[in-house]
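Right, one structure below, let's go through it.
The values are calculated or read from the model by the stated rules, or taken from the named source; none is laboratory data. No experiment lies behind these values; they were computed from the predicted model shown. Here Cβ is always computed from backbone atoms with ideal geometry, including for glycine, and neighbour counts include all displayed protein chains.
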Amino acid sequence: MTNPSSSQKPGRAILAEIKAGLLASLWICLLAFPLMTLEINPSSHTISFSASRLPFLAGATFVLAILWRFFLRRRAFQGVSKAVLKSEGLPEGLIKGPKPTWLTVVMGSRFRYPVLAILLGFMALLPFVSPPYLVNVMVKALIYVSLGLGLNVVVGVSGLLNLGYVAFYAMGAYTYALLGQYLGLGFWVCLPLGALVATLMGLLLGFPVIRLSGDYLAIVTLSFGEITRLVLTNLDITRGPRGISNIRPAGFFGLDLNGPIKDFLVANLGVDKDMDINKILTYFIILGLVILTIICVFRLENSRLGRAWLAMREDEVACQAMGINKTRAKLTAFALGSTWAGLAGVVFASHLSFINPTIFSFMESIMILSIVVLGGMGSIPGVILGALVLIVLPEQLRAFSQYRMLIFGALMVLMMVFRPGGLIQSAREVYLHKLGGQDGPQGGPAGGAARIEALNGAGRPVEGDGRG
Amino acid sequence: MADLRPAAGQAGHAGDPVLQTRGLSMVFGGLEALNNVDLEVGRDTITALIGPNGSGKTTFFNCITGIYRPTRGQVTLFPAGLPAIGLKGLAPDVITHHGLARTFQNIRLFNNLTVLENVLIGRHTRMKAGLWGALFRDRATRREEREAIGHSFELLVSYGLDHMANELAKNLPYGDQRRLEIVRALATEPRVLLLDEPAAGLNIGETSSLRDLITSIRERERVSILLIEHDMSLVMSVSRKIYVIDYGRLIAQGPPDEIRRDPKVIKAYLGEE
Amino acid sequence: MNFFLDLFMSGLTKGSIYALIALGYTMVYGIIALINFAHGEIYMIGAFTALLASMVLGSLGLSGWGLLLSVAAIAAVYSAMYGWTVERVAYKPLRGSSRLAPLISAIGMSIFLQNYVQLAQSPNFLVFPDLVPQIDFLAPVARYISRTQLVILLFTVFSMVGLTVFIKFTKMGMAMRAVAQDQTMARLAGVNIDKVISATFVIGSILAALGGVLIGCSMRQISFYIGFIAGMKAFTAAVLGGIGSIPGAVVGALILGFAESFAAGYVSSSYKDVVAFIILIIILIFRPEGIMGQAQTQKV
Amino acid sequence: MKSLVKFLATLALAAFLPLAPTAQAQDGGTLKIGFGGALLGDTASYGLSNLYGIEYAAAQVNAKGGLLGRQIEIVTEDDSCRPDLAPEAALKLANQGLKLIMGHTCSGATRSALSSYNNRVILISSSATEVALTEDGASPYFFRTTPRDDAQATIQLKYMKQKGYKKVAILHDKGDYGIALAEKMQNDIKADPGDIQIVLFQGITSGEVSYDDVVSLLRQNEAEVLIWGGYYSDASKLIMQMRDKGLTTVVIGPDGLYNPSFITLGGTAVEGSVATGQADLSNSEAAKAAIADHNTRHTEEIGPYFFYAAGAAQALFAAVEKAGTADDLDAIKKHLTEDTVETVMGPVRFDAKGDVIGAAFALYEIKDGNFSEIKMD
């Protein structure tokens, strides 16, 4: 397998790289020239010039451009090798998609239950040993996990691009806030109600718009999200932009968790003395919800209904030809996704104790969508990792304080360019079936991938391209 | 193989029509893509529809499978031992449920799903589990799922795809993709199988194994086949009756030998080139 | 009647600005079916470049119409460069991947550019100089149409005419139409797709930059955040008119402008955005391809 | 397996990195004061003007040897003025063991942060104006140096009656700050209308590309005076477009307009507009020094909350010094409510609810590009 450019003299190749890097760096400096060198003094209406930032920019761009070209070519080279293999008469079936990852290895082995148990145990212990801040972040991350998994059903599994997902999240949150405020209903009553309201709204919106395809669905859902936010801003009952405060946290059989129970926990379990025990309860509620969601999504994905969704995502025409009622499949996916948003919304409202319409902005929908896409569309562990990364990453980037959103945006672009399938690409369930002489497991993807590793010598099987 | 259809045989005789169109017409804007097409697919036979490029063959398929709604005319299915069913105006999925299954000229597999899953999706219309079944996995659902997987595996074994059951469909060689598409259509337990240019893009060897496949399908499954094809030798060797269509009109019909000699057919084909 | 005229003029100016930005969305969508979320930022960069240029040129002694036109030209050139670069970096490497990847990349680009301008310039609103010279003959009717409004309308009309001429009569314009119709066929016919896509971004960015200059003149202050709001509105307009259709974007933008103005005048300005979005949803439900968009025919 | 390790390592890092500061909390040489507020995003300028004020006050103390013998160090957390981000910022600050926190910038964020602080810290805001924050009495350790929203409507209404305005239009920016002011004004007028009639009460969208339609509405309703609820940026745009169209309606706005940027942005168009604001502070020697200091450090003009923030910080430092401790909340509260401290914003003492005593609003009219105080009896 030869790299096309390595057939040239290496010296000339390096020179070409340097030239390209210089060119890129020159271009970026030209682009940045007015915005980064001219500074306006707003009080005196004067403008001053300082080129001190340019040399640094030029240097950084030079290095980045060379790296960029290197990685881009590597990516292209991977694409080539697949074609080369094919042209050499090797069956393409050998170069297969899902390579074994640590995830599939662990989950496929007999350690899967012990590993899961340890993970679960760790998650269960976490709130008792960590400070309030961390519990808070974990609750938030788990809310996003559950939102991500819900949206994953709509976008990742069913291929319906929903850009107004946050509307259903808001429905859930406001259901609890309003019912709690005006009727005094508690969390546990509102949890199913919030889900119900969100589902009904999903159906209500779904009926007229579901026949829209692809991007149009995206646009209508986007508008719906904006309308929801605007209506919430303008209604009196929701107190407009001031929002609703003093939303009660979830109750636990009417017990006062911050009373003797807290004293007990602090004294005996080493719980942080500043901990609000209600937060621990919220943590377990959302953890439970996430586990339930994972089970549900996993079961759905490998069921008649879930396969119908996947078929719909892959090819709408062919899916109908297989006897799938497209409209019904779409509606179920859409409404079911909304259900999770509603559930997450109720938990969110009880967690934050204050909500207002600005929380449910378009950017929030985008955040949730980014979780799904960055994590890996259609992949449950991918979405979980995506949520953790997107919630935790900005926190970790705080060291760069004012640059963190800049870096965040750049990372999103880089991620899509170099790993469009997401962090963890979805792997399909391997079905084993005992038939005379044919045994399943080792004939599965893992074995094939191992073979190809030996074949192309690169040690890195070709990845499947992103899902469309 | 489990067959959920009512027992055939009493009322159906080989050669009786199982699918029939009467005066089928399709107009796009002002353009008549199909004009009064009358066609019959005989029970348990292989019927072929041929014609030059752009003559309206695929449009015909799209009309009877519900992707297009025909402008005029009737499409009727005669299930053995059951009352006739008018298919015109029904949704594609309902038509599949009644027993029409098709493949596509440009292969339309579910690329990012495994071979087995592709076939399982074909079982969709013969399964019942809904949302609750999926979420709670009750006994009936589990049994149904087991049976569906079993059935699909049997199909894959029968048609020689079982060793790739867990591969992604897009990673299959081209010929196997064609084969898988046919197997997927068979999984819906069709009464009539519609094949849209199955030999397109296949080399000579693959075409010959396709011929065997088509014949063996007709023998193995109780299914009638309607074939659209360009490859004349394939059509002539497998089909009992051939319809020829040009500019949306039927210009000839009959057994292969007649068609081979029909001047109108020769003109339609040669005149084009 | 006066009130109606007022609202009409207000809708017309609003619609004109939306149209300039909406064209960028619709052209890019027409060519590569991508919702270019970073387009609003290009408009914002246009406004910032215009501000900087006007201060530099102003201190060099330029004034009047000459200043306005040269500022607009500089903003257009810079925005075009940014648009081209954004396409090269964030979208080109993603061709042929899934439909969602470029969308996320676009969002990332948008976040990046917003923060870049905030860091490079200022998180605050900056004063944009009043670049529109006095127009004496307008004095009697200034009650209905201000000089800025007149300039906005003129710029928009000229841009539209220019764009139409470009699309209809130049070779690149024809190539664009061909690619929008059928990319594969266009490629077979010898059209350089990469060039066409780049040109689309460049032209869309130029129009957005003009929008940025005009908004600066009209609002006389800009911040790094203006791209987001205007972008959303313009995008809505593009969809309303039928995304992918150039006359559609203009029609959609005008409808949106009028809808907002009249809703503000006769319903309540609190609800005018709701009215605008409801019109959008209704149109999309009854005519999913938008007012002037072409229905997609399913190919089997 | 390598990626599994990597994954777990990332998780562990993510989980435990924020813990690090806890270990070294408050035992080092410096005394840490928290600041929670908007440092990023479109409201960053408000947060920064708060932060600069606090930094100024801290620098002053540090120059004189520090507080309780320790140098003051300011620890910041951004909440972008978003109520959903504020709890995290709050918990992060509290988690480091900080007991003295300045902030937050916006009312909504302050409210949701308060529930996270859970009465564990002294919190002093210099810009959260919503009435309920102190009025509901739920947060005994919350103080603020800004006057409350309700004080603004009172003085504005008095001014309108004096001027004899009859037709009033009330517009707000649909934000929590703006709408509260607008509604307060609406209620006050309804309670005691006199000759005043509200001809228009509406919200407008912030950040629009044109306000011509709103201008038409004002003209149509023949409003003599416009009461604005919101910030200066939208107001200056609106007024400029009004003047462009020859509309002369007088604009009266809240302290959100009492900001030099309002005049910078609005230019000549905002001449004659009226804004409520705190009593002029920039004339005292202390304030002049502060302005001079500010201008050497930052390119921006001195922000709207600079003095409130500096005053709040100075009051807090004084109370800590007197209490002799930075940890005993009740002792510090006692001094905050009982002692009057001279600060750059004038004398500061808080009442039992946590509001600053005596910081009343004054009315300013913009004349020749400056705010000039309107004398009222």
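Details
- Residues (surrounded by fewer than 24 Cβ atoms within 10 Å (Cβ to Cβ) and among the aromatic types (Phe, Trp, Tyr)) located in segment D:199-220: D:Phe201
- The set of residues in segment C:44-67 being hydroxyl-bearing (Ser, Thr, Tyr) and either closer than 30 Å to C:Asp182 by Cβ or within 11 Å of chain A (Cβ to nearest Cβ) (or both) consists of C:Thr49, C:Ser54, C:Ser59.
- None of A:Val347, A:Val392, A:Val383, A:Val373 is within 17 Å of A:Met138 (Cα to Cα) and modelled with pLDDT under 85 except A:Val392.
- Segment C:68-88 - residue that is surrounded by fewer than 21 Cβ atoms within 10 Å (Cβ to Cβ) and facing another protein chain (nearest Cβ under 7 Å) and, of those, farthest from A:Ala65 (Cα to Cα): C:Met81
- Meets criteria (more than 14 Å from chain A (Cβ to nearest Cβ), in contact with a helix residue (DSSP H, G or I) (Cβ under 8 Å, 6 or more places away or on another chain), β-branched (Val, Ile, Thr) and assigned to a helix (DSSP H, G or I)) for C:Ile17: yes
- Residue match in segment B:70-92 (condition: at the interface with chain A (Cβ under 8 Å from one of its Cβ atoms) and within 15 Å of the chain's Cα centre (by Cα)): yes
- Pick from segment B:138-156, criterion aliphatic (A, V, I, L, M) and farther than 15 Å from B:Ile182 by Cβ, ranking: nearest to the other protein chains (Cβ to nearest Cβ): B:Ile149
- Check on A:Leu287, in a helix (DSSP H, G or I), within 30 Å of C:Ile281 (Cα to Cα) and more than 14 Å from chain B (Cβ to nearest Cβ): no
- Residues (free of Cβ contacts under 8 Å to residues at least 24 places away in the same chain and either assigned to a loop (DSSP other than H, G, I, E, B) or of a type in the set (Phe, Trp, Tyr) (or both)) located in segment C:74-111: C:Gly96, C:Ser97, C:Ser98
- Enumeration of residues in segment D:91-112 that are of a type in the set (A, V, I, L, M, F, W, C) and modelled with pLDDT of 90 or more: D:Leu100, D:Ile101, D:Met102
- One residue stands out among those in segment B:76-104 that are in contact with a helix residue (DSSP H, G or I) (Cβ under 6 Å, 6 or more places away or on another chain) and surrounded by fewer than 21 Cβ atoms within 10 Å (Cβ to Cβ): the one that is modelled with the highest pLDDT, which is B:His97.
Okay, residues lined up against (1) within 12 Å of another protein chain (Cβ to nearest Cβ); (2) over 20 Å from A:Met322 (Cα atoms):
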site	(1), (2)
B:Leu168	yes, no
B:Arg184	yes, no
B:Thr188	yes, no
B:Ala199	no, yes
B:Leu227	no, no
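- Screening the candidates A:Tyr133, A:Tyr113, A:Tyr176 for the property of being crowded, with 24+ Cβ neighbours inside 10 Å and without any contact (Cβ under 8 Å) to a residue 24 or more places away in the chain yields one hit, A:Tyr133.
- Contact map, segment A:42-57: residues that are in contact (Cβ under 8 Å) with a residue 24 or more places away in the chain paired with residues that are not aliphatic (A, V, I, L, M), Cβ distance under 7 Å, separation 6+ or inter-chain. Pairs shown: A:Leu54/A:Cys29; A:Leu54/A:Thr37; A:Leu57/A:Cys29.
- Under the condition of being surrounded by 22 or more Cβ atoms within 10 Å (Cβ to Cβ) and touching a Phe, Trp or Tyr at 6+ places or on another chain (Cβ under 6 Å), the residues counted in segment B:35-58 number 1.
- Test: residue in segment D:209-216 that is outside any helix (DSSP H, G or I), out of contact with any strand residue (DSSP E or B) (no Cβ under 6 Å at 6 or more places or on another chain) and free of Cβ contacts under 8 Å to residues at least 24 places away in the same chain: yes
- Under the condition of being surrounded by fewer than 18 Cβ atoms within 10 Å (Cβ to Cβ) and part of a helix (DSSP H, G or I), the residues counted in segment A:182-196 number 7.
- Test: residue in segment A:277-285 that is surrounded by fewer than 18 Cβ atoms within 10 Å (Cβ to Cβ) and free of Cβ contacts under 8 Å to residues at least 12 places away in the same chain: no
- The set of residues in segment D:122-146 being in a loop (DSSP other than H, G, I, E, B) and either surrounded by fewer than 19 Cβ atoms within 10 Å (Cβ to Cβ) or among the basic types (Lys, Arg) (or both) consists of D:Val131, D:Asp136, D:Gly137, D:Ala138, D:Pro140.
- Restricting D:Ala318, D:Ala275 to those that are among the aliphatic types (A, V, I, L, M), crowded, with 23+ Cβ neighbours inside 10 Å and either within 17 Å of the chain's Cα centre (by Cα) or not in a loop (DSSP other than H, G, I, E, B) (or both) reduces the list to D:Ala275.
- Flag if A:Ile18 is among the β-branched types (Val, Ile, Thr), in contact with a helix residue (DSSP H, G or I) (Cβ under 6 Å, 6 or more places away or on another chain) and at pLDDT 80 or above: no
- Segment D:189-208, subset more than 7 Å from chain C (Cβ to nearest Cβ) and assigned to a loop (DSSP other than H, G, I, E, B), residue nearest to C:Ile229 (Cα to Cα): D:Glu208
- Test for B:Arg123: is it within 16 Å of the chain's Cα centre (by Cα) and within 7 Å of chain A (Cβ to nearest Cβ): no
- Among the residues making up segment C:131-144, those that are more than 9 Å from every other protein chain (Cβ to nearest Cβ) and either over 21 Å from C:Phe4 (Cβ atoms) or outside any helix (DSSP H, G or I) (or both) are C:Leu131, C:Val132, C:Pro133, C:Gln134, C:Ile135, C:Asp136, C:Phe137, C:Ala139.
- Counting only helices (runs of 4 or more DSSP H) that sit wholly inside segment C:216-300, those with at least 1 residues that are closer than 30 Å to C:Pro129 by Cβ, within 14 Å of chain D (Cβ to nearest Cβ) and at pLDDT 85 or above are C:226-241, C:246-262.
- When residues of segment A:28-45 are limited to those that are outside any loop (DSSP other than H, G, I, E, B) and more than 7 Å from every other protein chain (Cβ to nearest Cβ), the one surrounded by the fewest Cβ atoms within 10 Å (Cβ to Cβ): A:Leu30
- Condition met for A:Gly270 (under 23 Å from the mean Cα position of the chain (by Cα) and among the small types (Gly, Ala, Ser)): no
- Annotation note: Cβ proximity below 7 Å between a residue of segment B:172-187 that is assigned to a helix (DSSP H, G or I) and a residue that is buried (at least 22 other Cβ atoms within 10 Å of the Cβ) and basic (Lys, Arg) (sequence gap 6+ or interchain) occurs for B:Ala185/B:Arg102; B:Ala187/B:Arg123.
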